[in-house]
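Novice: Submitted below is the structure of interest, expressed as structure tokens.
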Amino acid sequence: MANVSVFGLGKVGHTLATCLAAAGHRVICYDLNAALVDAVNDRGFVSAEPGVADRLARLNPANLRATAHGEEAVRDSDLTFVIVPTPSNSLGGYSLRHVLDACRVIGAALRAKSAAHTVSLVSTVLPGSSDRFIVPALEEASGRKLGAGLHYCYNPAFIALGEVVRGFEKPDYVLVGECDAAGGELVGAVHRTMVANDAPVVRMQAIEAEITKIASNTHETMRVSFANMLFSLCNELPGVDVDRVTGALAHRMGKRFFKGAVPYGGPCWPRDNRALAVLIDAVGGSSVLPRAVDDSNDEHGFYVLRKLLELTHAGDTVGIIGLAYKPGTHVIERSYSVDLARWLIGEGRRVVGWDPLAMDELRAILGNAIGYALTPEQLLADCDASVIAMPLGELAAIDWAAAGDNLVIDCWRCLAPAQQARLKRYRALGHGEAVPLAPWLERRLGTRFDMLCN
């Protein structure tokens, strides 16, 4: 087993370190935050990620420790995974300031070490960053040349908050962008010990891996937006069920991220779409597609809002079930539910929210602008209309009869028939109104539809 260091004890970095240690590697973490370092060493680190606590309880305590001294982490390891923030900048790209700070710490430590060392960057960066900035920074700080005691890979993670352990241990594939074969071989070998399925290790150039990472997220947003386009079409046409349409298409196109519902959000997808667009513009390509996907996502948010305004009235109390950007996390960054709450308030509705994980985060940004239900049943009982904004696992345990005569609007069509039967008023968005289609077409479109078919 390898001696590995992990630079960065954020949500993803700590989970990666835990999974590596659970796989039998000797892991030392480095972070500037002394409280996080102490929490790892005292076994008091609390993670919201499912599976982390179980692995921490089972692993050999000697396999995981932390330090606030980067030179110690590098000295006691042969491979360093760097997983630090790359925040979006004002131009839509990713700032490398934290990555380059880590490179300087690693390089300085390597000057006091004779053995070869491999650096593997996990953080999302713009394509070209490794060759243009990161490798030169490592070479300058260490006094070494790539391939001569210094190896580098770009090794991004394909994970989602709330499923980070699964992303590391059961990935679709492991992506290794190598600058030399020795580094790529070591990084791939370490991943193989951690991976619990038959995921292939795909090796390529660093810039190719950088493109693959950002392209993967952008393609997923395109699938979401395409499904949401079908959602709006099927919601308007009488008797049409979007799930039957996307379900049929999935036989050819796959099911992943292909369910019409609310717009995508979160800390990765929106910014990755914009970053790809600005990069394409910079090299002289056409960025029409990623920009169109981003615009479509924004417009779909307003479409869902319009449907909710049609189903409610000024002065109504509207509940929102699911406040985070996705199930299984407390993160509300770019959450559609947060935007929706603000918009509904602006349209004269009183808003009440409930989420199993994100209530404190919502209070921090919305304060007293909305109400907060202690239970979903309280929300159902107190609101004229309740919106299921996220397909939470907790929905299965809710007593839906608590809604009484109040309306429940299901943006995901995720309530089972037995749950729907307990509701007096239920509206599934994405299902067209149950009226005859031909008279509706004549009444709604008149001769325009005839001309389209002529």
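Novice: Counting each DSSP H run of 4 or more residues in the chain as -39500 (n - 2.57), what helix-only mean residue ellipticity at 222 nm follows after dividing by all residues, to the nearest 500 deg cm²/dmol?
Specialist: -13500 deg cm²/dmol
Novice: On C-alpha positions alone, give me the angle between the axis of helix 97-110 and the longest principal axis of the chain, in degrees, nearest 10.
Specialist: It is inclined by approximately 20 degrees.
Novice: With a cut-off of at most 13 other beta carbons within 10 Å, and DSSP calling the residue loop, which trypsin sites (Lys or Arg not before Pro) in the stretch 338-428 qualify? Please list them.
Specialist: Here the trypsin sites (Lys or Arg not before Pro) that fit, given the DSSP loop and packing criteria, are Lys424.
Novice: If a/c stays under 1.5 just call it rounded; otherwise compare a/b with b/c (prolate if a/b is bigger, oblate if not). Do that for the stretch 48-156, with a ≥ b ≥ c from the square roots of the Cα gyration tensor eigenvalues.
Specialist: Since a/c reaches 1.5 but b/c is at least a/b, the shape of the stretch 48-156 is classed as oblate.
Novice: Quick one: angle between helix 242-253 and the longest Cα principal axis of the chain, in degrees between 0 and 90, rounded to 10, please.
Specialist: That helix lies at roughly 40 degrees to the long axis.
Novice: Another one. If you roll a 1.4 Å probe over the heavy atoms of the protein chains, what accessible area per residue do you get for the stretch 48-143, in Å²?
Specialist: I get 44 Å² per residue for the stretch 48-143.
Novice: A further question follows. Per residue, what accessible area does the stretch 408-454 have, given a 1.4 Å probe and all protein chains present, in Å²?
Specialist: For the stretch 408-454, the per-residue accessible area is 69 Å².
Novice: Restricting things to alpha carbons, tell me how big the chain is in terms of Rg and Dmax, in Å.
Specialist: Taking only Cα atoms of the chain, I get Rg and Dmax of 24.9, 81 Å.
Novice: Right, something else. Roughly how tilted is helix 11-22, in degrees to the nearest 10 and between 0 and 90, from the longest Cα axis of the chain?
Specialist: 60
Novice: Also, quick follow-up: Determine the per residue accessible area of the stretch 281-390 with all protein chains present and a 1.4 angstrom probe, expressed in square angstrom.
Specialist: Accessible surface, normalised per residue, equals 43 Å².
Novice: At a Cα cut-off below 30 Å, give the lysines reachable from Lys307, other chains included and same-chain residues fewer than 8 away excluded.
Specialist: Candidates past the 8-residue exclusion: Lys255, Lys259, Lys326, Lys424.
Novice: Find how many whole Å separate the alpha carbon centroid of the stretch 92-119 from the alpha carbon centroid of the stretch 222-272.
Specialist: Using only Cα atoms, the two centres lie 41 Å from each other.
Novice: Give me, ordered by chain and number, the residues 5 or more places off Tyr94 or on other chains with an amide H under 5 Å from its own placed amide H.
Specialist: Those qualifying (amide H under 5 Å, at least 5 residues apart or on another chain) are Asn89, Leu126.
Novice: Taking amide hydrogens as modeled 1.01 Å from N in the peptide plane, which residues meet the under 5 Å criterion relative to Ser120, leaving out close sequence neighbours?
Specialist: So Ser120 has HN proximity to Thr80, Phe81, Val82, Cys153.
Novice: Ok, one more. Taking all protein chains in place and a 1.4 Å probe, what share, in percent, of the accessible surface of the chain do carbon and sulfur account for?
Specialist: Ligands and nucleic acids excluded, carbon and sulfur give 55 percent.
The values are calculated or read from the model by the stated rules, or taken from the named source; none is laboratory data. As the structure is a prediction and not an experimental result, all values here were calculated from the model. In this analysis, Cβ positions are derived from the backbone assuming ideal geometry, glycine residues included, and neighbour counts consider all displayed protein chains. The area values use the complete protein model at the heavy-atom level, side chains included, leaving out ligands, DNA and RNA. Shrake-Rupley method; radii C 1.70, N 1.55, O 1.52, S 1.80 Å.
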